[in-house]
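Reviewing the structure listed below.
Where a number appears in this text, it was derived from the coordinates with a stated rule and is not lab data. Source: prediction; values computed, not measured. Cβ coordinates were reconstructed from backbone atoms using ideal geometry, including for glycine residues, and neighbour counts include every protein chain displayed.
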Amino acid sequence: MSFKEYKTHVEMGDTVILYLNIKNIHAITVTEEVKNKKGNMVPNIFQTVYGALKVKDLVGMKYGSQVQMTRGWAFALHPTPELWTLTLPHRTQILYTPDISIVLTQLELRPGSVVCEAGTGSGSLSHAILRTIAPTGHLHTFDFHEQRSRLAAEEFSAHGVGDYVTARHRDVCGEGFDLDSVADAVFLDLPRPYDAVPFAKQALKKSGGRICSFSPCIEQVQKTCDSLRKHGFTELQTLECLQREFQVRKSVMSVFDLSQPPTDGSADGDERPSKKAAMEERPREVLTGIPLTTMPGHTGFLTFATLPPVMTSAT
Amino acid sequence: MREDGPAICDGKNYIIIKGSFMKLAKLKTQKQCQLGRASVDVAGLLGHPVGTQFRLHSGGGKQRLMRPEPVEHTEDLADAIAADESAADNRNLLANQTSQAMTKERIMEMREQGATGKEIVTTIVDNSTSFQGKTEFSQAKYVRKKQKKYFEFISVQEPTVRLVASMYYMQDPLKIMNLRVDSLSQLLTACSVRPGGRYLVLESGCLAVTVAAVLERLGGHGHLVHLFQGGTPQSAEAQADETVATDRETVAPNGETAQTAAESPKAAADGIPSSGGGGDVTTTDGGGDVVPDGGDDVTPATEEPTAATAEETEGTEAQESRKRRLSGSQTETSERKSKYARTRCEDSELALNMLSSKDMDGLLLCCRQHPVNLLRYLLRFLAVSRPFTVFCPYKEPLLECYFAMKAEGCIMLKVTETWLRNYQVLPERTHPEINMSGGGGYILSGFKVDRSLNRAAVTD
Ligand SMILES: C[S@@+](CC[C@H](N)C(=O)[O-])C[C@H]1O[C@@H](n2cnc3c(N)ncnc32)[C@H](O)[C@@H]1O
């Protein structure tokens, strides 16, 4: 229930982000028991690289404090949509925070916004949208994969944000959103976003709104832009955003000191630095940020556009 | 005219978009709106739904006022440009001594006959003998310049953070410390800004874009404590902050309904407000200066270059209240006055009370000063398990902050930048845009945690 608002202590049913180190972060649901492979209820024990954790022991702990493990410490963090994106169970490809951040701003989402999203996928973006539009807005999210849609809906209510979202099992390219003039923004992450554009237009308010389509391939972008133009969207913008991370290092580099004249006196007037002078290396500390040797080089193209208000009649 | 949504009204601030040009303007019936060399008749804009697109018709009269006509479709600027970009066919090229065969008179004539901007630009390009000899880069630049001049469509938009931040960045990135809109977006998620939360924002030198952005995300629910240097906030800040108004009925934390209107005490008709002092924006700083009391482990004032003056706003409600103070003799209903009257002094006290509980939900720094000591000092006001984030136009200060925060026991420390590339997408002519921004600033983010178990274990 812990996604709805910040709280100070862990309660039963919460999702806790267990941070061991930067490579080991897990989202766990605090329950006394879990179903094992045979379908029997057994005590909820979570295995980590630092040893086992009796999950129910987290109850009553202060968020942000340390958890004693058999072979070290972990931190019990309060969930945020960003931490959820890092730890959620992947049922599909998901959107990550660098792209999500831009989507939220460019769709002008804020408390009270009504948003349509397709497909729901693993709900990575959905959680960020919900955090931003609650408590007065609403998210309508669609997926034509029955199980994904159901699992996402279960997650939303388990996370305490179920009231702000309607998750439906529906093919939006074939059947549309079943919504008329209610949305401030539409987000599409579909293989054929261009087929959903006319339905998106229908779902947007008469006063206009914003749309975003995320596509990994340029061919999809091409068709989507054509379709957006055809349906009266304006202010088209396609962009790509990559996050570059720097590894922060304090490293030592030796510096040659070539300013001293040779001290061995053997070659007066000889301008060439002597062997000895060249050996005068002094260590110097440098503070630097090194880009990662490999980094995500492409996630997808984000296309944004505006639907202007409907003109009902000329005056 | 429209079934829902607000209409463009007299005396409010809007963003006017004309092709790739953007401008913040306060629309007044009696006045005209200057867009580059063209002046637009404001009366023709008012009353239409916000977001409406207009075609500008060159009008008569002494002032040559452009008459706006609402239209359903506009020409796509990119399309118009790129169509010309690929105009490799030069059969219409006129043999002429001059590089431009089109005369001013001929262009005016075309205009009077109602030719579209696209037609005019195409004709100009077709008649430019030097055009074919230009590199693709300068061809694009040439067309863009002409296009901007002859593009005759505008739209009038609500001044949202998206538009205001992009406008400032377009006008001069250095005015907002190179804070590109994608970086601003990352700051908001790195701090996980959510309605109902309590945020501590230290901003200077960004025309209050980050403050406005956090307020927009709070939407009237929650709290924002804004720290700034010296006695008064940056003069332009009040503007950005009012400009980017949520302009919606929002429920204030106390349950009252607060209507935030985008009214500015200062006519922002000339676009970007100067970041210096002056103008008629006044703030009372008497009694408002409060140096945060750090408790027992108080850090000497020398640690902070900023004599932090605290100011607190509660979403839109306080935004309104500050606006009232700033606007002085602005025409406002007395009802509003009584509802929102709160002095700077009271604001400061509220802010200090809030800070003293040391459980803010997020800490956001975006300042001209070196952030390391400020960050170390302000971290104490953040609750555990909450994120903090620092924006800096340079990478190096953030590297120092990284080590400082590591020493404080913070986790998930990351120094990042985002790389942003725009694309032109057109049939057979899709490619990355020829110009791109080289960088939009750097961000440090992390989480504060409680390591008392560690400490206990060490002392055992
Ligand atoms: C890549 S995933 C979306 C991931 C999501 N944005 C996230 O961040 O978790 C795409 C989803 O779209 C769904 N989908 C594809 N075509 C669809 C359609 N026509 N109608 C509804 N959903 C569709 C797929 O089932 C899949 O779950």
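Using 1/(1 + (r/R0)^6) with R0 = 35 angstrom and r between the beta carbons of B:Thr135 and B:Lys28, what's the FRET efficiency to the nearest 0.05?
0.20
Kirkwood Rh over Cα pairs of segment A:15-79 into Stokes-Einstein at 4 °C, 1.567 mPa s: D in µm²/s?
It comes out at roughly 107 µm²/s.
Per Stokes-Einstein, at 25 °C and 0.890 mPa s, what whole-number D in µm² s⁻¹ belongs to segment A:129-273, with the Kirkwood radius over Cα pairs as the hydrodynamic radius?
The diffusion coefficient I find is 125 µm²/s.
Cα-based Rg (one decimal) and Dmax (whole number) for segment A:1-139, in Å?
Just the Cα atoms of segment A:1-139 yield Rg and Dmax of 16.5, 47 Å.
Relative to the present Cα-Cα distance, how much length would full extension add between A:Ser254 and A:Thr70 at 0.36 nm per residue of separation?
Length gained between A:Ser254 and A:Thr70: 62.0 nm.
Please give the helix A:146-158 orientation as an angle from the longest Cα principal axis of chain A, in degrees from 0 to 90, rounded to the nearest 10.
Taking Cα atoms only, the helix is inclined about 80 degrees.
Counting residues in chain A as N, plug N into 2.2 N^0.38 Å and put the Cα Rg over that result.
1.39
Could you work out Rg/(2.2 N^0.38 Å) for segment A:64-216, with Rg from alpha carbons only?
So segment A:64-216 has a normalised radius of gyration of 1.09.
Quick one: which residues, 5+ away or cross-chain, put their amide H under 5 Å from the amide H of B:Cys191? H built at 1.01 Å from N.
none
Using modelled amide H (1.01 Å from N, peptide plane; none on Pro or chain starts), what sits under 5 Å from the amide H of A:His140, excluding residues fewer than 5 places away?
Residues meeting the criterion, in which the H sits 1.01 Å from N, are A:Val115, A:Cys116, A:Glu117, A:Thr166.
Specify which residue in the list B:Gly441, B:Tyr394, B:Leu374 is farthest towards the positive end of the charge dipole of segment B:366-460, using unit charges on the beta carbon of Lys, Arg (+1) and Asp, Glu (-1), about the Cα centre.
The residue sitting most towards the positive pole is B:Leu374.
For segment A:117-185, run through the GluC sites (Glu not before Pro) and keep only the ones in DSSP coil with at most 10 other Cβ atoms within 10 Å of their Cβ.
none
What's the Kirkwood radius of segment A:122-171 in Å, using all Cα pairs?
10.6
Determine ³J(HN,Hα), in whole Hz, for all residues of segment B:125-130 in sequence, where each value follows from phi through the Karplus function 6.51 cos²θ - 1.76 cosθ + 1.60 and θ = phi - 60°; x replaces Gly and Pro.
Calculated HN-Hα couplings, in order: 5, 4, 9, 9, 6, 7 Hz.
Please report B:Leu355, A:Leu86 as a ranked list, fewest other C-beta atoms within 10 angstrom at the top and most at the bottom.
The order, fewest Cβ neighbours first, is A:Leu86, B:Leu355.
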